[in-house]
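The values are calculated or read from the model by the stated rules, or taken from the named source; none is laboratory data. Since the structure is predicted, the reported quantities are computational estimates derived from the model, not experimental observations. So basically every Cβ, Gly included, is an ideal-geometry build from the backbone, and we count neighbours across all protein chains shown. Side chains included, ligands, DNA and RNA excluded: accessible areas come from the protein's heavy atoms. Shrake-Rupley method; radii C 1.70, N 1.55, O 1.52, S 1.80 Å.
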Amino acid sequence: QLEKMPFLPVCRVDLVVDRVRHLVEGGAAIVGDLLARVDGLTCLVSSRRRLNLEGEREFAVRPLPTPAPGDTPEALMLCPSVELFVDRAQAARPDFQVTRRNSRTVAEICCRLDGIPLAIELAAARALALTPDQMLAGLKRRFDFLVSRRRDAPGRHQTLRAALQWSDRLLSRELRRFFSRLSVFRGGWTADQAEVVCSQPDALSFLEELRECSLVQADEISSGESAMRYRMLETLREYAADNLESREGKSLRQRHADCFLDLAEQAGAGLRGSTQSEWLARLGREQENLRAALEFCLAGEGRTEP
């Protein structure tokens, strides 16, 4: 009967494979084998790392959008990170509300936590005992403060530090060390800058791996030089900085200061020529790095030039 049919309909099958990040090698082999054997199969795989299979398409899941400066309490309630904060705060304290008095603090908490859902949930769960002002003060020690008291939460979700350590342990020793070194940058960096400051000749390869692990983000520079610019969330940067050895940290900050001193000297010449607008844009992108380098020098930690 099938031979008499003019065509054989292809059945479409969708398969969801969740939390593959710690089993990428084996998971990729299984998914690849299934795709080769089953016509019409589409796999939706959640993972912090790409499987690197033919035909793979990445749909990045970014942190939740955070509030814009000056948002009213009404506008804040339309912001996804604030919505999550309020929902989890009300689970702990049903009468919790965003008011004109606490709205700025709630907004700052969500921004300080980079819109990371787990971090927001852990902070909001303290609403039974703390006001938003007290929560914000606690974020000065975010990794000690963001701790869950839920008995049914998975171990890696009990604290923010545990969640990051779980991901960190999946990295090779060399990649983990490089990730910690990147914490010296503020606001972003290029592959060339990472190579110089981190003393890593294959920095680009390492950055690609960290990008695949969702530990750094990459964006194309929209004006001036044609290059990719990398950055990490402030929460991740603080975690990476905590894992940096103190002796190595000082030498890294010195190389960072030297790198951006060199950039400032180049800018001095460039601002007097026809490329003034490009240099202004570049200095704007590096404002946080320049400020960090200046603070290091003013603190008297760096070497002095004759």
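Enter the per residue convex hull volume of segment 83-234, computed from alpha-carbon coordinates, in Å³ rounded to the nearest integer.
Working: hull volume 20.4 nm³, N = 152.
Here the figure is 135 Å³ per residue.
Report, to the nearest whole %, how much of the accessible area of segment 178-306 belongs to carbon and sulfur atoms, 1.4 Å probe, protein only. Please list the in-between numbers first.
On the way: 3310 of 6910 Å².
In segment 178-306, the share of accessible area belonging to carbon and sulfur is 48 percent.
Run the simple label-point estimate for ASP219 and ALA36 please: 7 Å along Cα→C-beta, distance reported in nm.
Simple spin-label model gives 4.0 nm for this pair.
Once you have the Kirkwood Rh of segment 149-244 from its Cα pairs, apply Stokes-Einstein at 37 °C and 0.692 mPa s and quote D in µm²/s. Working shown, then result.
On the way: Rh = 14.2 Å.
For these conditions, the coefficient is 231 µm²/s.
May I ask you to give the solvent-accessible area per residue for the chain, in square angstrom, as obtained with a 1.4 angstrom probe? Kindly include the intermediate steps, with their values, before the conclusion.
Values: 18790 Å² over 306 residues.
Accessible area per residue, the chain: 61 Å².
Calculate, axis by axis, the spread of Cα positions in segment 25-77 along the three principal axes, and write the results as whole Å, longest axis first.
Answer, in whole Å and largest first: 54, 23, 14 Å.
Just to be sure I understand the model, the point goes 7 Å from the Cα along the line to the Cβ. What's the resulting VAL16 to SER246 distance in nm?
Once both label points are built, they end up 4.9 nm from each other.
Determine, from the Cβ-Cβ distance of ALA129 and ARG57 and an R0 of 51 Å, the FRET efficiency 1/(1 + (r/R0)^6), rounded to the nearest 0.05. All intermediate terms of the calculation are to be shown ahead of the outcome.
Details: r = 45 Å, r/R0 = 0.88.
It comes out at approximately 0.70.
For n ≥ 4 DSSP H runs only, could you compute -39500 (n - 2.57) per run for the chain, divide by its residues and tell me the 222 nm figure to the nearest 500? Walk me through the intermediate numbers first.
On the way: 15 runs with 151 residues, N = 306.
Computed mean residue ellipticity for the chain: -14500 deg cm²/dmol.
Normalising by the residue count of the chain, find the relative contact order in percent from Cα pairs under 8 Å and 6+ residues apart.
Details: 344 pairs, mean separation 36.7, N = 306.
Averaging sequence separation for qualifying contacts and normalising by length gives 12 percent for the chain.
Give me the one-decimal nm value for the distance between modelled label points at ALA92 and ALA281, 7 Å along each residue's Cα-to-Cβ direction.
For ALA92 paired with ALA281, the spin-label model returns 4.4 nm.
Kindly provide the Kirkwood hydrodynamic radius of the chain in Å, to one decimal, from all pairs of distinct alpha carbon atoms.
Working: mean 1/r = 0.0443 Å⁻¹.
When all Cα pairs of the chain are included, the Kirkwood radius is 22.6 Å.
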